[in-house]
Amino acid sequence: MANEELIYRITRAVYGRLGAQADERTVENLVTDIYRAIEPVVEGNNGDAGGDGAGRRDGKRGLTAHGGEAEGSSDRLIVSVFGVDNPGIVAGVAQILAESGCSIADINQTVVQGKFAMVIIADSTNSNAPVATLKERFRAAGDKLGVRIYAQREDLFNAMHRI
Amino acid sequence: MEYSQAEILQTVRMTEMEHLDVRTVTLGLSLRDCAGDSIERTAERVRAKIERTAERLVQTVDEISSELGISVANKRISITPAAHVATGARSVADCLKLARAIDEAATHVGVDFLGGYSALVQKGWTNVEDVFLASIPEALATTKRLCSSVNVATTRAGINMDAVARVGRLIKEAAELTRAEGGLACAKFVCFANAVEDNPFMAGAFHGVGEGEAVINVGVSGPGVVNHAVRHAPRDMPLHELAELIKKLSFKLARAGELVGREAARRLGLRFGIIDLSLAPTPLRGDSVAEIIEAFGFERAGAPGTTAALALLTDAVKKGGVMASSAVGGMSGAFIPVSEDAAMIDAARVGALSLEKLEAWTSVCSVGLDMIAVPGATSAETIAAIIADEMAIGVTNSKTTAVRIIPAPGRVVGDMVEFGGLLGTAPVMAVNNFNCADFIRRGGHIPAPIHSLRN
């Protein structure tokens, strides 16, 4: 029987150290490893650690529900680009993604009556830049290329458009 | 591609152009374990607990906002009604020590408002609550982020008319204490019937005694999104089709809000509480509930028929949201705060929207007479009587109603009172000044209503 309170505390400590950029799966693996390492010690003095009910509940969720869900990924970004067509827009956006360590999972681009529209689904699992940095690069590139570039996590689209 | 271009475009348009935002991420925090014999010790424990629990709230929510590309307008805290915590308070000065400690903690963690300087007195008040109620005007006048509420009525208990009369007086006092700012303290105070325990919106948020240790509650918004859709629908679209359209949008708004809330709760290691579906306007043009109503086919908000339109709107928002999430709570309706809604201000200024029509609206939408400025000469009894009417609507219809009214000192009908920021600018509205003082002076209690023979 896992000590949920402890798992919750470890999870919180790991998030506290790694900050928002913490990858869910990495955190989960870390917490599992740490817990396994100290489990024998914990089992030895198996008292109720106390604490609040809210914490326990979330601690449990941390190890079970997360990570395995197929409902949109927090590791994937939807990059949408709109504006007046010009040469070099696709290259400019792709270059930023490449430099940041994001790979392109899907791409769709059209030009209708001189209006450029592109949507890229990018996988940021191995990204070396926080989303804020990526967005700043997109903003600067967008100014230069004369287009608006938006980057939003994929799970938002899944939440809004899939029942 | 997994999503059609139209779907992606819709989301981008909503978040970037139509002001789809999460209006507030509110951390609900129990302070019941902070109550002590001495108010000094209680205040210190309260300060420490708020600062400890909410330390990463603002930063975490900002990060999520950036990743999802959804702006989160406000980060807030709601606490256990402070009157429950102020057990050691013997005087107004004691209560003010607690108020200031709470306000300083709110400033320290960077939230814009903290709600819960509150008391629930629908049946009566204790000795501590007696002192606590007396402290509310000064507490609001001398703090920046503190919000206060008093529940004076419930469907089960009826209306405590002694409390209603007292709230009328304390609103006048709060207005006088902040005379130079147009009575600003009153904008941070709300009087409730059937107050909800998990409301994330200010000024009425508090963390109910039935709640857990700490939760993340989310208030979604999106009048801009609904407004855009209704305006672009054909002028002859039948109303049931409009309702369907609004339902679908509300589903999407609720889903986006829940995602933000659950993510925030996960990262903060807290439980996710509820999502409040209320359409809440901001002073920005287009981000207005009154404009949605007008788009139904009215020259101005307040015209005959607008109560029906608002009923449809509120119901459709709820139905879409309930389909989207199993954690719907709070107020969940449509807010009609006059000073915070540009089209409502216009409607009031041209005489289309009166206090009486607003009162009628509140019978079909959440929440009540909200952010209404009235002439400074309005008596405490008249304010209490306006509150009594509103409480009666809530109690009889088993819904939450509220009054946030500002008797702006020295101002007369037609003046504008500037409160700044989200609180907006309120046009001073006319009040029916026929005397009601004898009714209020009777005091006592209006018994709880019967629940059969409903007509």
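The values are calculated or read from the model by the stated rules, or taken from the named source; none is laboratory data. Keep in mind that what you see is a predicted model, and the values were worked out from it rather than measured. Methodologically, a virtual Cβ is constructed for each residue, glycine included, from the backbone with ideal geometry; neighbour enumeration extends over all protein chains shown. The accessibility values were calculated without ligands, DNA or RNA, using every heavy atom of the protein model including side chains. Shrake-Rupley method; radii C 1.70, N 1.55, O 1.52, S 1.80 Å.
Just a few scattered comments:
- What a 1.4 Å probe finds exposed on segment A:76-161 is 51% carbon and sulfur by accessible area, rounded to a whole percent.
- Comparing the full protein assembly with the isolated chain (1.4 Å probe, heavy atoms, ligands and nucleic acids excluded), the residues of segment A:143-159 losing at least 40 square angstrom of accessible area are A:150, A:152, A:153, A:156, A:157, A:159.
- Peptide packing: for B:403-412, A:112-121, the average count of neighbouring Cβ atoms within 10 Å per residue gives the ranking B:403-412, A:112-121, highest mean first.
- Within chain B, antiparallel bridges make up roughly 30 percent of the DSSP beta bridges whose residues both belong there.
- Computed magnitude of the charge dipole of chain B (debye, nearest 20; Cβ of K, R +1, Cβ of D, E -1): 620 debye
- When shorter helices are ignored and each DSSP H run of at least 4 residues is given -39500 (n - 2.57), the per-residue value for chain B at 222 nm works out to -13500 deg cm²/dmol.
- For chain B, the carbon plus sulfur part of the accessible surface works out to 52%, probe radius 1.4 Å.
- Exposed GluC sites (Glu not before Pro) absent: longest stretch of chain B, with sites in DSSP loops and at most 16 other Cβ within 10 Å deemed exposed: B:56-298
- Solvent-accessible surface (1.4 angstrom probe) belonging to residue B:112, in square angstrom, nearest 10: 50 Å²
- Stokes-Einstein diffusion coefficient of the protein assembly as shown, Kirkwood radius over Cα pairs, 20 °C, 1.002 mPa s, in µm²/s: 84 µm²/s
- Euclidean distance of C-alpha centroids, segment B:340-400 and segment B:219-240, integer Å: 24 Å
- Coarse-grained scattering of segment B:1-140 at q = 0.20, 0.22 Å⁻¹, given as base-10 log I(q)/I(0) from a Debye sum over alpha-carbon atoms: -1.08, -1.24
- Among complete DSSP H helices in chain B, those whose alpha-carbon atoms stretch at least 18 Å along the helix's long axis and whose mean Kyte-Doolittle hydropathy reaches 1.0 are B:380-396.
- Between amide H atoms placed 1.01 Å from N, distances below 5 Å from residue B:78 occur with B:27, B:28, B:29, B:115, all of them 5 or more places distant or on a separate chain.
- Whole-Hz Karplus values for segment A:131-139 come out as 4, 4, 5, 4, 5, 5, 4, 4, 4 Hz, taken residue by residue from phi with 6.51 cos²θ - 1.76 cosθ + 1.60 and θ = phi - 60°; glycine and proline positions read x.
- Shielding value for B:261-273 is 4, the average number of Cβ atoms from other chains within 10 Å of each residue's Cβ.
- Extent along the principal axes, Cα only, for segment A:76-161: 35, 29, 18 Å, with the longest axis given first.
- Mean Cβ count within 10 Å, highest first, over the residues of peptides B:420-431, B:22-33: B:22-33, B:420-431
- When DSSP beta bridges are restricted to pairs lying wholly in segment B:216-443, around 20% turn out antiparallel.
- Cα-centre dipole for segment B:1-150 with unit charges at Cβ (Lys and Arg positive, Asp and Glu negative), debye to 20: 560 debye
- Paired Rg and Dmax values of chain B, which use every Cα atom, in angstrom: 21.0, 70
- Spin-label model distance (nm) - residue B:37 vs residue B:434, 7 Å beyond Cα toward Cβ: 5.7 nm
- The mean number of partner chain beta-carbon atoms within 10 angstrom of a residue's beta-carbon across peptide B:177-184 is 0.
- Protein accessible surface hidden between A and B, which excludes ligands and nucleic acids, total in Å², probe 1.4 Å: 3800 Å²
- Taken per residue, the accessible surface of the protein assembly as shown reaches 40 Å², heavy atoms only and a 1.4 Å probe.
- Separation of the residue B:452 and residue A:125 label points, Cα + 7 Å toward Cβ, nm: 6.4 nm
- Total charge dipole magnitude, the protein assembly as shown, about the Cα centre, Cβ charges on Lys, Arg, Asp, Glu only, Debye to nearest 20: 520 debye
- Other protein chain Cβ atoms within 10 Å, averaged over every residue that makes up B:9-16: 4
- The figure for residue B:393 is an accessible area of roughly 30 square angstrom, using a 1.4 Å probe on the protein chains alone.
- If both residues of a DSSP beta bridge must be in the protein assembly as shown, then about 55% of such bridges are antiparallel.
- Furthest towards positive pole of dipole, A:108, B:53, B:128, structure part the protein assembly as shown, Cβ charges: B:128
- Three principal axis extents describe the C-alpha atoms of segment B:255-339; from largest down they are 49, 26, 16 Å.
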